[in-house]
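The next block holds one structure in the form of structure tokens; read it before the comments.
Please treat every number below as a calculation from the coordinates, not as lab data. Model, not experiment: these values are computed from the prediction. Note that we place each Cβ from the backbone using ideal geometry, even for glycine, and neighbour counts take in every protein chain shown.
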Amino acid sequence: MFERILIANRGEIALRVIRTAREMGIECVAVYSDVDRSALHTRMADVAVPLHGTLPSETYLDIDAILDAARATRAEAIHPGYGFLAENAEFARRVEAAEIAWIGPPPAAIEAMGDKITSRRIMKEAGVPVVPGLTDPVLDVPAALAASEEIGYPIALKAAAGGGGKGIRIVPEPDAMESAFRTAAGEAQSAFGDGRLYVERYLERPRHIEVQVMFDNHGNSVHLFERECSIQRRHQKLIEECPSPIVDDELRERMGEVALRAGRAVDYRGAGTVEFLWSKGEFFFLEMNTRLQVEHPVTEMVTGRDLVRDQLRVAAGEPLGYAQEDVTMSGSAIEVRINAEDPALGFLPSTGTIKNLRWPGGPWVRIDSGLFRGLVVGLAYDPMLAKVIVWGVDRATAIARMVRALEELHVGGVRTGAPAALAVLEDTRFREGDFDTQLLESMDLTAPRPDDEAVAAIAAAFHRQHLARRRALAGSHGDRRPWLDRARRSLTAYPTPDRGQREGGA
């Protein structure tokens, strides 16, 4: 097993990896931008190396800087988390060329599945059902129109190198094609540096269901059941759950086998997710995410498996150590993403400083977050602030527990999407399992908000009471925060070659 790994990411996913690695006796190296100098992942790592700059392009996307940090700190492996360079085949290749272990799938698999046109072609050859459409890009509007006439409207224009809901436009009729093509191609070029588009049939009222898979280097592979991810806005997920309320044992077995077939077709290794669209009793391959998913905690809650631990073990060359029959499912889990955005204003981004913070608690409530009081929330990075995950003996219990958890949650200083999630959780269609990817879009979330001054006054009173209680406890019992010693050690000097004097520490 590795003695030291570097985590090429930030925020809650960096903390997630640090926690499992620490349980396994593995030291962790964090990297951080100037914006993240005081971030929790920086303070909780054993070593912290600054990537001087503020923009993602000059920090978390700077391959040379990250490799310099790994060499300087003698990290044996790199975990990419998700986002940033997690699905960058060039980064994976350069990590391996530097004789550093890559905690992820082979670069060739990342490359194949990262191009939606290539992946569709590979999946068709492997016998995996794909949404009817083209396996070649359309180069201009006339070509898109011709393909769409053959496939049948409505169609979806999608970025070949897409992901995260970017570069997608739904075209209901020919007259809308020119504008949609121009917008999708421009968005794809901006987001991915690749403006190629392809055409596929748009499935109306689909469900978004994905399957977690895990492969090792010894020919072993398992699926860890499905996740329902249909509650989304503009292809961005808000609520995920496991299991799906519409998947029975027979469908679960079929989807799991198809997902494993998809992974074998690209000689996969490690953790991955095969995403499907389900419509009218049929399911079709959508894409494969060649990394850990944001929503992986719901799978962990119902299976008892630590997916990060499995990632580390597989990357170190160990066998999975369990077979398909050993993977069991208990109860139901739900995750809500807490994003810095205002549902009442069309989910516009919300910025500010975190003034007050109250997390929900109680049995079977999990919080994955890098938030702390005083954190400045800006526009430099993804708006996701935290994830609230709950488990229940059944779906109804999990829903009730999540409602209670979100009612307890308070993030002062910015607006969050929690009210939108509460509205969905209390919607009859969601509770009965009769929904699709358009549920959130169909809801009116512009309800009046509480008076800001009243909320601020109440929060200030609670804050004063909390400070008084903390001073009283400190006077009686002293400072019982040994983790601060580790935090302070992580900010001592640590030199790295060719990039000047960086900060860090062992």
### Task
Report the FRET efficiency, 1/(1 + (r/R0)^6), for PHE372 and GLN324, where r is their Cβ-Cβ distance and R0 is 60 Å, rounded to 0.05.
0.90
#### Entry: Extension gain from THR183 to GLU204, taking 0.36 nm per residue of separation minus the Cα-Cα distance
5.4 nm
### Query
Which value, in debye to the nearest 20, gives the size of the charge dipole of the chain about its Cα centre, when Lys and Arg are +1 and Asp and Glu are -1 at the Cβ?
2040 debye
#### Entry: Simple Cβ-charge dipole of region 1-144, Lys/Arg +1 and Asp/Glu -1, about Cα centre, in debye nearest 20
380 debye
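In nm, what is the difference between 0.36 nm times the number of residues separating ASP434 and ASP394 and their Cα-Cα distance?
Numbers: separation 40, 0.36 × 40 = 14.40 nm, distance 1.69 nm.
Here the segment from ASP434 to ASP394 would lengthen by 12.7 nm.
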### Query
So, how do all the Cα-to-Cα distances of region 142-235 break down into 10 Å bins, in percent, from 0 on up?
15, 36, 29, 15, 5, 0
### Task
Among LEU385, LEU375, GLN438, pick out the residue whose Cα is farthest towards the positive end of the charge dipole of region 337-449, where Lys and Arg carry +1 and Asp and Glu carry -1 on C-beta, about the Cα centre.
LEU375
### Partners for LYS124 among lysines (Cα-Cα distance below 19 Å; same-chain residues under 8 apart left out)
LYS116, LYS158
### Task
Could you work out how far the C-alpha centroid of region 298-313 sits from that of region 37-89, in angstrom?
23 Å
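Specify whether the C-alpha gyration tensor of region 276-320 places it in the rounded, prolate or oblate class, a ≥ b ≥ c being the square roots of the eigenvalues: rounded for a/c under 1.5, otherwise prolate if a/b is larger than b/c and oblate if not.
Prolate is the answer for region 276-320, as a/c is 1.5 or above and a/b outweighs b/c.
Could you compute how fast the chain diffuses translationally, taking Rh as the Kirkwood radius over C-alpha pairs and applying Stokes-Einstein at 10 °C with viscosity 1.306 mPa s? Give it in µm² per second. Could you put the intermediate results ahead of the total?
Numbers: Rh = 24.0 Å.
Translational diffusion coefficient: 66 µm²/s.
If R0 is 56 Å, what FRET efficiency do you get for GLU408 and ALA143 from their C-beta distance, rounded to 0.05? Working shown, then result.
Details: r = 53 Å, r/R0 = 0.95.
Efficiency, from the Cβ-Cβ distance: 0.55.
Suppose every Lys and Arg Cβ carries +1 and every Asp and Glu Cβ carries -1, with no other charges. What dipole size does region 203-330 come out with about its Cα centre, to the nearest 20 debye?
460 debye
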### Query
If we count GluC sites (Glu not before Pro) as exposed when they sit in a DSSP loop and have at most 16 other beta carbons within 10 Å, what is the longest stretch of the chain that avoids them all?
205-425
### Query
By Kyte-Doolittle mean hydropathy of at least -1.0 and Cα axial length of at least 27 Å, which whole DSSP H helices of the chain are selected?
452-477
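So for region 163-289, what are the equivalent ellipsoid semi-axes in whole Å, largest first, each being the square root of 5 times an eigenvalue of the Cα gyration tensor?
Values: eigenvalues 167, 68, 31 Å².
Three semi-axes, in Å: 29, 18, 13.
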### Query
What nm distance separates the two modelled labels at ALA98 and ASP34, each placed 7 Å from Cα along Cα→Cβ?
2.3 nm
